[in-house]
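Taking it in order: structure first as structure tokens, then the write-up.
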Amino acid sequence: MLLRDFLKEGISRLGSLYPPSEARDIMLTLAESRLGTGRYVYATDPDYSLNEESVNILSHDLARLETGEPLQYVLGYAEFFGRRFKVTPDVLIPRPETEILCDEALRLASGILSERKALGNSTPLRVLDLCTGSGCIAWTIALEIPGAQVYAVDISEKALAVASGQDIRQSEAEAPVPERSRRPVFHQADILQDPPHFPCETFDLILSNPPYIMESQKKDMRTNVLDYEPSIALFVPDEDPLLFYRAVARWAGSLMAPGGMGIVEINELLGPRIHDLFLDSGFEKARIIKDFAAKDRFVFFS
Ligand SMILES: C[S@@+](CC[C@H](N)C(=O)[O-])C[C@H]1O[C@@H](n2cnc3c(N)ncnc32)[C@H](O)[C@@H]1O
């Protein structure tokens with residue numbers, strides 16, 4: 001079978017689930033990943049032919065995609081901040097917006113570290129990631145800031161197994177993470193309860209992308225998210241959508257070091273309420289940060 005025929009068939013079979021450009025993108029990514037070829041080999045080499053084994057693997061993948069299963073679960077990984085993270089149905093698939101949270105956190109981290117350097121203070125950066133899921137935020141900060149002490153918590157044992165088992169390298173040639181950098185430390189904890197004791201006691205940066213979709217927003221969501229991603233990672237009750245932000249504010253109130261800062265990812269409908277929640281919880285400053293689509297997506301607090 002020719003690759004271009006398989007791609008054509010796949011795009012058509014995914015047509016009832018995704019807009020054409022997205023169906024095409026999914027099929028090209030699938031083929032690129034499974035065949036290890038360039039993305040456009042079907043065009044540069046129109047006679048590119050699939051052997052029997054490749055047809056079997058790709059057909060099995062296509063059958064899974066056709067049920068609405070997200071491509072990242074089919075492939076077993078998601079790209080985030082230029083790295084490949086293992087994902088299973090026990091963890092949320094990291095979203096591109098969350099890269100903005102990491103960018104902002106790295107900017108704050110570099111400010112804190114420069115100030116310390118100017119004062120001759122060599123205390124490492126201490127970072128806490130609440131509701132870590134796949135660990136994408138914790139790992140990104142740990143890898144981008146060598147020497148940072150990163151702790152991360154989640155309520156789900158299964159998510160923590162994925163997060164702590166990540167084997168992230170930027171290229172095949174790169175050494176595995178444990179040999180070249182500190183790994184984040186993952187803890188099981190319910191952030192709706194009191195915080196446990198952490199060895200570093202306080203943190204310079206507290207980050208969180210907690211569940212924030214209201215149950216009433218389910219009707220606007222695609223079935224591939226609803227049927228496959230863990231609902232514990234997504235939803236909050238309509239009657240208390242600020243539940244997790246109160247918890248983050250409470251943890252940050254007792255765990256944030258003097259001069260520390262925090263960033264939370266938020267539901268775009270709740271920006272001003274979450275902004276005010278942090279001010280009402282005793283933080284001096286709060287600021288809303290927008291995402292790629294100019295929607296309220298993060299709140300900074302300090
Ligand atoms: C929106 S996901 C975020 C995952 C990851 N940080 C990311 O940005 O892709 C929210 C995470 O919160 C966790 N979670 C839900 N309730 C929790 C609780 N009470 N305490 C701690 N973690 C919780 C879920 O297991 C899930 O992994």
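Checking the condition among the acidic types (Asp, Glu), open to solvent by 70 Å² or more (accessible area, probe 1.4 Å) and under 23 Å from Tyr77 (Cα atoms), which residue from Asp47, Asp61, Asp25 passes?
Working: Asp47 fails: under 23 Å from Tyr77 (Cα atoms); Asp61 fails: open to solvent by 70 Å² or more (accessible area, probe 1.4 Å).
One residue alone meets the criteria, Asp25.
Only one residue in Glu144, Glu79 is open to solvent by 50 Å² or more (accessible area, probe 1.4 Å) and free of Cβ contacts under 8 Å to residues at least 40 places away in the same chain. Which one?
Values: Glu144 fails: free of Cβ contacts under 8 Å to residues at least 40 places away in the same chain.
Being open to solvent by 50 Å² or more (accessible area, probe 1.4 Å) and free of Cβ contacts under 8 Å to residues at least 40 places away in the same chain holds for just one of Glu144, Glu79, which is Glu79.
Does Gly133 satisfy the condition of being modelled with pLDDT of 95 or more and either under 17 Å from Asp190 (Cα atoms) or not polar (S, T, N, Q) (or both)?
Values: modelled with pLDDT of 95 or more: yes; either under 17 Å from Asp190 (Cα atoms) or not polar (S, T, N, Q) (or both): yes.
The answer is yes for Gly133.
Residue-wise test of (1) over 25 Å from the mean Cα position of the chain (by Cα); (2) under 15 Å from Leu65 (Cα atoms).
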residue: Met1; (1), (2): yes, no
residue: Ser16; (1), (2): yes, yes
residue: Arg24; (1), (2): no, yes
residue: Arg34; (1), (2): no, yes
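Identify all residues within the stretch 231-257 that are more than 27 Å from Pro89 (Cβ to Cβ) and free of Cβ contacts under 8 Å to residues at least 12 places away in the same chain; write none if there are none.
Initially, the stretch 231-257 is screened for residues more than 27 Å from Pro89 (Cβ to Cβ), giving 239, 242, 246, 249-257.
Of everything in the stretch 231-257, just one residue is more than 27 Å from Pro89 (Cβ to Cβ) and free of Cβ contacts under 8 Å to residues at least 12 places away in the same chain, namely Glu239.
With (1) crowded, with 21+ Cβ neighbours inside 10 Å; (2) out of contact with any strand residue (DSSP E or B) (no Cβ under 6 Å at 6 or more places or on another chain); (3) among the β-branched types (Val, Ile, Thr) as the list, and Val225 as the residue in question, which single condition is left unmet?
Evaluating Val225 over (1) crowded, with 21+ Cβ neighbours inside 10 Å; (2) out of contact with any strand residue (DSSP E or B) (no Cβ under 6 Å at 6 or more places or on another chain); (3) among the β-branched types (Val, Ile, Thr) leaves (1) as the failure.
Report, by residue number, each residue of the stretch 195-220 that is farther than 23 Å from Pro124 by Cβ and either out of contact with any Gly (no Cβ under 8 Å at 6 or more places or on another chain) or more than 15 Å from the ligand (Cβ to nearest atom) (or both). Step through it out loud before you land on a result.
Pass one, the stretch 195-220, residues farther than 23 Å from Pro124 by Cβ: 209-220.
Result: Pro210, Pro211, Tyr212, Ile213, Met214, Glu215, Ser216, Gln217, Lys218, Lys219, Asp220.
Out of all the residues in the stretch 269-283, is one or more farther than 23 Å from Trp139 by Cα and among the aromatic types (Phe, Trp, Tyr)? Outline the logic, then answer.
Of the stretch 269-283, the ones farther than 23 Å from Trp139 by Cα are 269-283.
Subsequent filtering for residues that are among the aromatic types (Phe, Trp, Tyr) retains 278, 283.
Within the stretch 269-283 (the criterion being farther than 23 Å from Trp139 by Cα and among the aromatic types (Phe, Trp, Tyr)), the answer is yes, since at least one residue qualifies.
Take the stretch 154-172 and flag every residue that is near the ligand (Cβ under 8 Å from one of its atoms) and crowded, with 24+ Cβ neighbours inside 10 Å.
If the condition is that a residue be near the ligand (Cβ under 8 Å from one of its atoms) and crowded, with 24+ Cβ neighbours inside 10 Å, then Asp154, Ala159 are the ones that fit.
Residues that are of a type in the set (Asp, Glu): find the helices (runs of 4 or more DSSP H) completely inside the stretch 23-110 holding 1 or more of those. Quick ask: steps written out before the conclusion?
Working: elements: 41-44, 52-66, 71-75.
Answer list for the stretch 23-110: 52-66.
Tell me which of these Val91 doesn't satisfy, since it passes every other one: (1) in contact with a Leu (Cβ under 8 Å, 6 or more places away or on another chain); (2) open to solvent by less than 20 Å² (accessible area, probe 1.4 Å); (3) aliphatic (A, V, I, L, M).
(1)
Please specify each residue of the stretch 201-221 satisfying the condition of being out of contact with any Phe, Trp or Tyr (no Cβ under 9 Å at 6 or more places or on another chain) and open to solvent by 60 Å² or more (accessible area, probe 1.4 Å).
Glu201, Lys219, Asp220
Go through the residues of the stretch 118-133 one by one and say whether even a single one is closer than 14 Å to Asp204 by Cβ and near the ligand (Cβ under 10 Å from one of its atoms).
The answer is yes, given that some residue of the stretch 118-133 is closer than 14 Å to Asp204 by Cβ and near the ligand (Cβ under 10 Å from one of its atoms).
Going through the stretch 269-293 one residue at a time, which ones are within 19 Å of Pro96 (Cβ to Cβ) and open to solvent by 70 Å² or more (accessible area, probe 1.4 Å)?
Residues satisfying the conditions are Lys290, Phe292.
The values are calculated or read from the model by the stated rules, or taken from the named source; none is laboratory data. Quick caveat, the model's predicted, so the values are computed rather than measured. Don't worry about glycine lacking a Cβ; one is built from the backbone with ideal geometry, like all the others, and counts go over all protein chains shown. These accessible areas exclude ligands, DNA and RNA; they are computed on the full protein's heavy atoms, side chains included. Shrake-Rupley method; radii C 1.70, N 1.55, O 1.52, S 1.80 Å.
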